[in-house]
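Each remark here refers to the structure printed beneath this line.
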Ligand SMILES: *Cc1c(COP(=O)(O)O)cnc(C)c1O
């Protein structure tokens with residue numbers, strides 16, 4: 001038996017090494033407080049679960065769903081975009097529910113990438129943009145996200161010979177892992193760039209509802225002409241703490257949405273209908289849960305940023321998203337520093353290099369850590385001292 005090259009090429013997850021260190025520590029009977037998990041710790045709101053339970057009792061929801069999703073769900077998604085972003089979408093042609101947004105993010109490459117084609121992929125980034133590209137036989141071209149440019153890519157620096165082969169441009173704001181946000185003028189420039197070079201913009205926006213201090217993230221779909229060149233992936237996972245239920249959506253350009261619908265109708269048979277009703281309840285029901293969750297995350301953000309600054313890490317206060325992106329202290333790289341925290345104080349963070357080369361020099365701390373663990377983790381972090389600072393650089 002020989003595994004296909006496309007699977008063999010998938011590098012083992014960087015976190016294998018780190019997880020090994022954590023496991024060793026635990027085997028010695030020492031606990032590790034993890035700031036590394038990007039999965040909301042707060043349960044799905046009760047009224048949304050009620051929507052699931054009710055729908056689960058109805059035999060009509062026990063059969064194969066339509067792969068394009070319930071019309072009621074597509075209408076609820078379109079109505080939500082109208083209300084939240086003042087964007088009008090046709091629920092039949094410009095909206096497609098997904099089995100979690102990760103599923104659509106991975107699969108859309110198969111609709112646009114032929115062998116040898118290029119996708120522009122941010123670095124650092126959620127790994128699926130590059131992996132989908134590679135599985136479809138294409139090549140990722142990495143766009144470094146630099147702090148000096150607000151962690152936005154510099155599109156003008158990309159050479160013509162790259163752009164000639166480019167089919168997709170991936171973006172993600174509010175950003176995982178950097179915590180950066182994008183404003184409408186950036187999206188307007190992106191739409192113009194994509195139109196000029198005939199590229200489909202794929203914006204991944206699962207954190208648009210996770211924001212602090214009254215800040216409201218924008219949607220790519222609000223940019224002038226966005227629907228001509230772009231789609232936006234969205235998810236119920238982060239807005240409504242529904243990671244375990246697996247439901248998301250893609251909206252925007254009808255041709256792109258249609259291509260993904262065609263691919264999916266040949267691969268999967270849709271999302272369990274009771275879960276689609278759950279998503280309808282999430283969008284149409286009371287929205288207080290969003291600000292309640294954001295208050296919790298904001299409080300945790302403030303505590304984490306304060307402690308990190310106190311022990312000498314440079315960090316900016318994120319306006320949105322579930323992560324604090326902090327510069328590692330002098331004398332360390334991101335993996336060294338992560339290993340030192342595990343060994344010395346039993347705290348796990350995520351090394352930035354795990355999200356790409358440009359993530360080197362940073363670590364990511366997640367705001368999804370339960371409060372009891374947070375208190376313990378922060379007290380351990382407060383006691384950490386940089387013993388390498390005064391030693392000469394190796
Ligand atoms: C969490 C996350 C997703 C995945 O969302 P699902 O809908 O649960 O698949 C997609 N993109 C980014 C950047 C994420 O952080």
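Laboratory data are not the source of any read-out in this text; all were calculated from the coordinates shown. Just so it is clear, the structure is predicted and the values come from calculations on it, not from any experiment. Cβ: placed from backbone, ideal geometry, glycine included. Neighbour counts: every protein chain shown.
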What's the angle, to the nearest 10 degrees (0 to 90), between helix 46-56's Cα axis and the longest principal axis of the chain? 40
Helix 71-85 sits off the longest principal axis of the Cα atoms of the chain, rounded to the nearest 10 on a 0 to 90 degree scale, by 60
Could you work out how much longer the chain between residue 267 and residue 222 gets when fully extended? Use 0.36 nm per residue separation minus the Cα distance between them, nm to one decimal. 13.1 nm
How do the peptides 182-188, 30-36 rank, highest first, by the average count of neighbouring beta carbon atoms within 10 Å per residue? 30-36, 182-188
Given an 8 Å cut-off on Cα distances and at least 6 residues of separation, report the relative contact order of segment 63-124 as a percent. 25
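Could you work out the helix-only [θ] at 222 nm for the chain, with each DSSP H run of four or more residues adding -39,500 (n - 2.57) and the total divided by the number of residues, to the nearest 500 deg cm²/dmol?
Numbers: 15 runs with 155 residues, N = 394.
That calculation yields -11500 deg cm²/dmol at 222 nm.
Sort 62, 107, 234 by Cβ crowding within 10 Å, fewest neighbours at the top. If you can, show how the numbers build up before the last one.
On the way: 62 11, 107 21, 234 26.
Fewest-to-most Cβ neighbours within 10 Å comes out as 62, 107, 234.
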At 7 Å along Cα-to-Cβ for each site, give me the label-to-label distance between residue 50 and residue 4 in nm. 4.6
0 to 90° range, to nearest 10: angle between helix 184-197 axis and the chain longest Cα axis: 60
Starting from the Cα of residue 159, step 7 Å along the direction of its Cβ; do the same at residue 344; then give the gap between the two resulting points in nm. 4.2
What are the extents of the Cα atoms of the chain along their three principal axes, in Å, largest first? 62, 54, 53
Segment residue 20-residue 333, length gained on full extension (0.36 nm per residue, minus Cα span): 110.8 nm
